[in-house]
1. Under the 0.36 nm per residue contour assumption, what length would be gained going from the current alpha-carbon distance of residue 242 and residue 104 to full extension?
2. Under 13 Å from the Cα of residue 212, which aspartates and glutamates turn up, not counting those fewer than eight places away in the same chain?
3. Got a sec? Which residues in the stretch 118-147 would a label at residue 87 touch, if it sits 7 Å along Cα→Cβ and we count backbone N under 16 Å?
4. Can you list the aspartates and glutamates whose alpha carbon sits under 15 Å from that of residue 200, skipping same-chain ones fewer than 8 residues off?
5. Taking square-rooted eigenvalues a ≥ b ≥ c of the alpha carbon gyration tensor, is the stretch 8-152 rounded, prolate or oblate, where a/c under 1.5 means rounded and, failing that, a/b exceeding b/c means prolate?
6. Determine ³J(HN,Hα), in whole Hz, for all residues of the stretch 47-64 in sequence, where each value follows from phi through the Karplus function 6.51 cos²θ - 1.76 cosθ + 1.60 and θ = phi - 60°; x replaces Gly and Pro.
7. Whole-Hz Karplus ³J(HN,Hα) for the stretch 210-217, in order, using 6.51 cos²θ - 1.76 cosθ + 1.60 and θ = phi - 60°, x for Gly and Pro?
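Just so it is clear, none of the values below were taken in a lab; they were calculated from the coordinates. Not measured: the values here are computed from a predicted model. We place every Cβ from the backbone using ideal geometry, glycine too, and count neighbours over all the protein chains shown.
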Amino acid sequence: MKKLILFLSFIYLGSLVVFAQSLSLRNLAGAVNNGDTITYVSTDNNVIFSSFIWIKNNSAQPISVRVKKIELNVLSGTENYFCWTSCYLPSQFIGDTLRLNAGQTNKTNFSGDYGAQGVSGKSQIMYVFYDDANHNDSVAFVAEYYAGSGVGIANSDMQKTFANLYPSPAKNSVTLDYYLTKYSDAATFELRNILGSIVKSFKLNNSAGKMKFDVGDLQNGIYFYTIKVDDKVLVSHKMVVQK
């Protein structure tokens, strides 16, 4: 079956703030900014996608780098794994450390692999690269995999859904504005830190609205928020806390 693979990269909504960040990412298309989404699309629901990323140490010191896989939204029946120091089983979410010397770019070790296994639809997986000695010194991207003939419809629904969390950078509180084209009683909001742990979570009681909540208890850093309906991610964006 003829395969169509499109790479669409866009920057998450929200203002950016400068942190001490030693690592950066690229692929063949160019720079991959912290929090970017790279989308892979194929009409073949037996496709195997491979997400290749280069990792650079921009600091003046060697860094021992780990990779963490976070399954934001993965369809049942599909399979995914990643390679770093070696290729790991699908059940392994954190890789071993790999030393990057000052100024070194590693172009060969990482790939994030996703097999649709005959399942049509969308899955989202985040990959976080971080200094093993300082987990806040990290960079991440989200791989979004669409497989099967109905992917165009799914992508259209995603584009109509809206969510914005502001201000970003935030200090004490933030406001969430959202509008969902798909809604059920199981709609939820989740805020995760860079390592994938949920730090805030609550139910959305309406298909559209505005909610304000406190982030004063969170540490400075980059966070990712998602809105799920029936355990499927409709929106995923980035926000920053800086006090």
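1. That pair, residue 242 and residue 104, stretches by 46.8 nm at full extension.
2. Within the straight-line limit of under 13 Å, residue 212 reaches these aspartates and glutamates: 177.
3. Correct set: none at all.
4. Within the straight-line cut-off, residue 200 pairs with 190, 214, 217.
5. Judged from the Cα gyration tensor, the stretch 8-152 comes out prolate (a/c at least 1.5, a/b above b/c).
6. 5, 10, 8, 10, 9, 9, 9, 9, 10, 10, 8, 8, 8, 8, 10, x, 10, 8
7. 9, 9, 10, 8, 8, 10, x, 8
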